[in-house]
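Chemist: The following block contains the structure, expressed as structure tokens.
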Amino acid sequence: MRRTGTAVALSLAAVTGCAQGAPVPDATVTVTATATAPASPADAEPSSPQAPGDTPAGTAVKACELLPKEDAEAVVKTPLEAGVEHPGTSPGCTYNGPVTGPSAQVEMYLGDGAKKFYDIDRELGHKFTPVTGVGDEAYAEDNAVFFRKSTTWVAIRLVRLNDPAENSEPLQQLARKVAERL
């Protein structure tokens with residue numbers, strides 16, 4: 001499989017190199033690529049080892065199961081719509097407040113997206129406080145908590161129109177529950 005891709009790349013490089021080096025009369029170039037499966041398991045690319053706490057390939061994490069609607073509603077103290085699992089390879093769950101109000105939202109991100117969210121807030125100079133009893137390490141800022149359990153990072157963020165200090169302890173309790181389920 002790798003040899004076919006290399007041959008196609010070299011063919012394309014040769015065709016484009018000729019076109020750049022000298023004028024070429026009008027011509028049509030057709031490139032055909034064939035992908036084949038490895039002949040034996042020994043020819044296959046080695047897979048990376050599974051890190052503890054990671055999700056096996058092909059297994060989708062159900063973030064809304066880690067953060068049930070009832071727990072999200074308890075933190076924001078208002079009814080929320082059903083949770084929406086984030087699409088793609090970045091697992092997460094979002095609960096929105098009803099369109100009739102009040103304004104409320106609970107978001108949870110898992111994995112690389114959660115870690116990136118934390119890193120960006122650090123780079124922006126946000127004030128963080130350590131949180132105890134949540135995973136292997138945890139930090140809180142206004143209306144958000146970030147924690148790591150084994151190799152998995154989690155970010156939980158609230159959107160509310162109140163004093164963020166009112167949300168600090170309930171948000172940390174929610175993070176503890178999620179960490180226990182992870």
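Chemist: How about the range 91-118: which of its residues are aliphatic (A, V, I, L, M) and in contact with a strand residue (DSSP E or B) (Cβ under 9 Å, 6 or more places away or on another chain)?
Modeler: Quick first cut of the range 91-118, residues aliphatic (A, V, I, L, M) only: 99, 104, 106, 108, 110, 114.
If the condition is that a residue be aliphatic (A, V, I, L, M) and in contact with a strand residue (DSSP E or B) (Cβ under 9 Å, 6 or more places away or on another chain), then Ala104, Val106, Met108, Leu110, Ala114 are the ones that fit.
Chemist: Quickly run through the range 120-164 and pick out the residues that are of a type in the set (S, T, N, Q) and within 21 Å of the chain's Cα centre (by Cα). Walk me through how you get there before you give the answer.
Modeler: Going through the range 120-164, the residues of a type in the set (S, T, N, Q) turn out to be 129, 132, 143, 150-152, 162.
Matches in the range 120-164: Asn143, Ser150, Thr151, Thr152.
Chemist: Which residues, taken from the range 145-175, are farther than 17 Å from Cys93 by Cα, open to solvent by less than 70 Å² (accessible area, probe 1.4 Å) and assigned to a helix (DSSP H, G or I)?
Modeler: Pro164, Asn167, Ser168, Pro170, Gln172
Chemist: Of (1) in contact (Cβ under 8 Å) with a residue 12 or more places away in the chain; (2) under 20 Å from the mean Cα position of the chain (by Cα); (3) within 22 Å of Lys69 (Cβ to Cβ), Pro98 satisfies all except one. Which?
Modeler: (2)
The values are calculated or read from the model by the stated rules, or taken from the named source; none is laboratory data. These numbers were taken from a predicted model, which means no experiment stands behind them. In this analysis, Cβ positions are derived from the backbone assuming ideal geometry, glycine residues included, and neighbour counts consider all displayed protein chains. Each accessible area value is taken on the protein alone, full model and side chains, heavy atoms only, with ligands, DNA and RNA left out. Shrake-Rupley method; radii C 1.70, N 1.55, O 1.52, S 1.80 Å.
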